[in-house]
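A short reminder: the numbers here are calculations on the coordinates, not readings from a lab. For clarity, every value in this text was computed on a predicted model and none was experimentally measured. Here Cβ is always computed from backbone atoms with ideal geometry, including for glycine, and neighbour counts include all displayed protein chains.
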Amino acid sequence: MTEEPCQCSDCQRFYREHDRLIREFPTFKQQQELNWASIQSFRTLCNKVTDELQKQLSERQLNEDAILDDKHISYLEITEAINELENVNAYLYAIEALMERIFETRVTKNVELKFKAISKELAPDPLNLDRLILNRLFHQTPDFPDKNNIN
């Protein structure tokens, strides 16, 4: 029995993004670069937010007798977020170390062509005419009738 992919909106969004990344970055080198940039941007953003939260926490500690506005992040929320973001940054640093090893890997042009060919099988362009026709035929089968034909 084959397991059907989840149809919830989060999973569907993931599947679309997954396929888009395969279509737009179909080579080994492009995937290396994409993953490196993704990790670096995530680390940069996490570091900046952590720095800002630490600054906010320091300012609060200096102004303990200042009136706290309910719209601000609570002291507990800031300290918990800083701890979690520091953990995330540690994980990202470890991933970065592993990615450096991946960057040492090189493949030939023939293998890059194999990546491109397989990427088209894994994530066919959803706007490709053949794909649209196939999807339309699938949606009109008796097992899965077209919504307009429901009696």
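The table for this structure:
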| read-out | value |
| --- | --- |
| Positive-end residue of N83, Q54, V107, charge dipole of region 29-115 with Cβ unit charges | V107 |
| Label point distance in nm, R60-K116, each placed 7 Å from Cα along Cα→Cβ | 5.4 nm |
| Euclidean distance between Cα centres, region 29-57 to region 7-23, Å | 22 Å |
| Label-to-label distance, nm, for residues given as R101 and E17 (7 Å Cα→Cβ offset) | 2.6 nm |
